[in-house]
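The values are calculated or read from the model by the stated rules, or taken from the named source; none is laboratory data. For clarity, every value in this text was computed on a predicted model and none was experimentally measured. Cβ atoms come from the backbone with ideal geometry, glycine included; neighbour counts cover every protein chain shown. With ligands, DNA and RNA removed, areas are computed over all heavy atoms of the protein, side chains included. Shrake-Rupley method; radii C 1.70, N 1.55, O 1.52, S 1.80 Å.
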Amino acid sequence: MTKHMQTNENTWEIGGKRLSSRLLIGSALYPSPANMEEAIRTSGSQIVTVALRRQSANVKAGGDFWNIIKSLGIEVLPNTAGCHSAKEAVTTAQMAREVFGTNWIKLEVIGDQYNLQPDPFETVKAAEVLIKEGFEVFPYTTDDLVVAKRLADVGCKIIMPWGSMIGSGKGLMNPDNLIAIRKQFPELKLIVDAGIGKPSHATQAMELGYDGVLLNSAIALAHDPVKMADAFKYAVEAGRLGYEAGTMQQREFASASTPTVGTPFWHQFNEEV
Amino acid sequence: MIKVSVNGEIKEVSENLNVLALIKELGYTTKGFAVAINTTFVAIDTYADTIIKENDEIDILAPVQGG
């Protein structure tokens, strides 16, 4: 067991909660509810995202799904997925607060149906309203620095730029943009949300100094979601440790790591040839 | 009877129902669902005072998987 695990010194705070895992996991797209449950448990995640949808009267509210989520005993982060305006998102958030009993909301306002890119104008508008109503807003946004600034201006303490398009698995499209947001807002909690496809993407995001990653498809659509959940647990931890340890400066040229003093087979004749 | 939209489907319901009576008439329970009328949230403690009108668009939502 490593030192940081023993001392639990890697806990962090988000939305008023102190957690040890920096992996936020989605609950959709798994092959079965049992597989979802096992994957979430294996991931070690302490925040799971959920949603609200229309349901007919003959179905027990939320059914077995909600019972499974509650049995996990971890934080629930409802989303406003599918909303296309600030008004829809605010209403969905209010409904989620009542059903799920939390003031946390993953704010998603989609601006384009093709690439599911967030609408920055409506997202900022909704965030402002929700913060005034006492919500802890987790806004899903692009990697645009100025949009992040506007979200911070209206009071967001957490910002979740995308790595790439939702469900694309393409990883971090614009690491430089993500770095710029990190440097500009050292005091905010930053989560890379969307586009993560494999564990190394999550590690990369964490190495940039992001506080966490949120993903769903990369685990749920893996051939073995439970094993992939395990992989992401270690990937996120590795990336965070790497960030905290401080990576070396890149060099333009090679630099031998083995000492040159005492190199065998070298002798002065070499210099004379 | 009046016509309203419930989760996108047109339904005929009794006149002058409050939300509590409406969800009972539709067969829903009050627990585990949230209600919006015309895209505005209706809090559970206001169900009794909120009267359903002709052409109201009612959304009744419950927990599902999400990313």
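Summary of values
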read-out: Förster radius 41 Å - calculated FRET efficiency between A:LYS183 and B:ILE2 (Cβ-Cβ, nearest 0.05); value: 0.10
read-out: Portion, in percent, of the accessible area of the protein assembly as shown that falls on carbon or sulfur, probe 1.4 Å; value: 52 percent
read-out: Choice from A:VAL109, A:VAL50, A:VAL129 showing the highest fluctuation, given a GNM over chain A with Cα pairs closer than 10 Å; value: A:VAL129
read-out: Helix axis angle, A:120-132 relative to chain A longest principal axis, alpha carbon, degrees; value: 70 degrees
read-out: Karplus (6.51, -1.76, 1.60) ³J(HN,Hα), θ = phi - 60°, over the range A:133-144, in Hz, Gly and Pro reported as x; value: 8, x, 7, 9, 8, 10, x, 7, 9, 7, 8, 7
read-out: Chains B and A, summed buried accessible surface - 1.4 Å probe, Å², nearest 100; value: 2300 Å²
read-out: Principal-axis tilt of helix A:33-43 within chain A, Cα atoms, nearest 10 degrees; value: 40 degrees
read-out: Residues of the range A:70-87 with amide N under 18 Å of the 7 Å Cα→Cβ point at A:ALA34; value: A:71-72
read-out: Over the range B:2-61, relative contact order from alpha-carbon pairs under 8 Å, at least 6 apart, %; value: 48 percent
read-out: Angle between chain A longest axis and helix A:63-72 axis [Cα atoms, degrees, rounded to 10]; value: 50 degrees
read-out: Sequence-distant residues sharing a close amide H with A:SER164 (under 5 Å, placed H); value: A:MET173, A:GLY195, A:ILE196
read-out: Computed [θ] at 222 nm, deg cm²/dmol, the protein assembly as shown (DSSP H ≥ 4; -39,500 (n - 2.57); rounded to nearest 500); value: -10500 deg cm²/dmol
